[in-house]
């Protein structure tokens, strides 16, 4: 866990969102504000001109040290719909591949007057590290750091849940899969608890379940899928990385699907109006059956669309906070 | 310290408030507006009108006008938060409501409704939103109150009340039930008075209290 002093570094002195690094430490009020703002941005996709002028003149750099399709493209589209200029840095062909350090990359891009960095990195804590070292007028948005946090994914999942269930206060939500290595699961658990979901369950084989997670996150632990999703309102499936098979944490894809794969038959244990979610990309036939993935209870593609609105909300709030700051500096110089 | 600046009038920034127009006077004004609109529609030969209220007060008034004019298309709602010209000064407006336009606006005649017209910046923003949705044939502006303080070349077509107010005086519609127009004065030299920059929706100011982090 990140120490308290660093946790709060994503807010300015007035409690406005300056960076978006983790769900940890954020109030329910702020999470709801993000969801409400995102609701307003959904309509932008219906405009003939799918753009709003909020971040006109701002430069947003996508800095992805890990591969990503969905997250990077939805961040890019979100930034463009806010009228920002977007730089996509392809790290494999960039100076990093030539040995440049992360801080040097940051300094160089800051020298090009980049206002916001969207960062994904295999090392936990990268976004926090950048936020600590970035210039005061620059915002950092975490697009996934190691096993630690993927806060915009969690917020788009919360947004999708709220659109389907309306209210968090009486929900049972089950998260199934590789909890151990999942930054998505960590952020989801924090967001669900913060938003007041009373019953959060996590379901995983013992090899993929972190120790003492009940106490750390206030969730219920299951090792049996059917038992775990019984009467659940929402079932969130996580991606199984194939590398886990090689590292001997799972015996085989076949056995995982046999025990933990979500099928129509298994899903009957959940509530009839259950919503099935997956952050993507799906491994069909490993964590879920195609019938479920493409079924009427699946909202997987909706999650992708919602990701754009939620990322617009987060980015515009951070840029708005920069503006507040710039304004007050301007005043004190006046 | 960075003050969260109020962009509009909130209780506490205004020294004293009083009722300027009560529910009956507002009902009468809305009836006058409806009749003026009917005359204007007749004179210009407008067909297939679409009425759009600006959040929040404008929607309350538009709702009543829409009933009285018996328009067939549902009422549209417009939120201008993403088009405000003070985003670069005060950041994101705290409350954003989704805009809702029931039908395409291309080649349609629109009636745009707001509660108070002051600087004209809200209407400028609203027109920009509309033009990102399409190209209307024409736009008519109806406001419940029109007051001194215009900063842009924008004029209403139909008005309920005219008000001569000093720069530090404020009027604000409170509602939705009952509708009351309040009037008050921002103390001179206060941060609120100094930071007032035009956009005259009284609907929701920035919260002046810092958010508390979870302990």
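The values are calculated or read from the model by the stated rules, or taken from the named source; none is laboratory data. Bear in mind that the values here come from a model prediction, so they are computed numbers and not experimental data. When we count neighbours, we look across all protein chains shown, and the Cβ atoms used for this are built from the backbone with ideal geometry, even at glycine.
For region A:31-126, the strands (runs of 3 or more DSSP E) that sit wholly inside it and include 2 or more residues that are surrounded by 20 or more Cβ atoms within 10 Å (Cβ to Cβ) are A:59-64, A:116-121. Checked against (1) part of a loop (DSSP other than H, G, I, E, B); (2) within 7 Å of another protein chain (Cβ to nearest Cβ); (3) in contact (Cβ under 8 Å) with a residue 40 or more places away in the chain, residue B:89 meets all criteria but (1). Within region A:43-61, if we keep just the residues that are without any contact (Cβ under 8 Å) to a residue 60 or more places away in the chain and over 10 Å from residue A:83 (Cα atoms), the residue that is farthest from the other protein chains (Cβ to nearest Cβ) turns out to be A:61.
Scoring residue A:72 on the criteria (1) in contact with a helix residue (DSSP H, G or I) (Cβ under 7 Å, 6 or more places away or on another chain); (2) closer than 21 Å to residue A:305 by Cα leaves a single failure, condition (1).
As a summary of the residue check, residue A:86 satisfies the conditions (1) more than 21 Å from residue B:87 (Cα to Cα); (2) away from chain B (no Cβ under 14 Å); (3) modelled with pLDDT of 90 or more except for the one numbered (1). Number of residues in region A:188-242 that are free of Cβ contacts under 8 Å to residues at least 24 places away in the same chain and within 14 Å of residue A:171 (Cβ to Cβ) equals 1. Only one entry of A:287, A:253 meets the criterion of being modelled with pLDDT under 95, surrounded by 15 or more Cβ atoms within 10 Å (Cβ to Cβ) and within 21 Å of the chain's Cα centre (by Cα), and that entry is A:287. Any residue at all in region B:27-37 that's over 15 Å from the mean Cα position of the chain (by Cα), surrounded by fewer than 18 Cβ atoms within 10 Å (Cβ to Cβ), in a loop (DSSP other than H, G, I, E, B) and in contact (Cβ under 8 Å) with a residue 12 or more places away in the chain? No, region B:27-37 contains no residue that is over 15 Å from the mean Cα position of the chain (by Cα), surrounded by fewer than 18 Cβ atoms within 10 Å (Cβ to Cβ), in a loop (DSSP other than H, G, I, E, B) and in contact (Cβ under 8 Å) with a residue 12 or more places away in the chain.
Being closer than 19 Å to residue A:184 by Cα and assigned by TED's automatic domain parsing to the domain that holds residue A:318: is that true of residue A:68 here? Judged against the criteria, residue A:68 is a match. In region A:186-199, of all residues being under 21 Å from residue A:144 (Cβ atoms) and in contact with a strand residue (DSSP E or B) (Cβ under 8 Å, 6 or more places away or on another chain), the one that is nearest to the other protein chains (Cβ to nearest Cβ) corresponds to A:193. Here A:29, A:24, A:110, A:100 are screened, and the one residue that is without any contact (Cβ under 8 Å) to a residue 24 or more places away in the chain and either touching a helix residue (DSSP H, G or I) at 6+ places or on another chain (Cβ under 7 Å) or away from chain B (no Cβ under 11 Å) (or both) is A:100. Considering only region A:158-185, state which residues are in contact with a strand residue (DSSP E or B) (Cβ under 6 Å, 6 or more places away or on another chain) and in a helix (DSSP H, G or I). Within region A:158-185, A:161, A:164, A:183, A:185 qualify. Considering B:22, B:70, B:76, the condition of being surrounded by fewer than 14 Cβ atoms within 10 Å (Cβ to Cβ) and without any contact (Cβ under 8 Å) to a residue 40 or more places away in the chain is satisfied by B:70 alone.
With respect to (1) farther than 19 Å from residue A:202 by Cα; (2) surrounded by fewer than 17 Cβ atoms within 10 Å (Cβ to Cβ), the lone exception for residue A:169 is condition (1).
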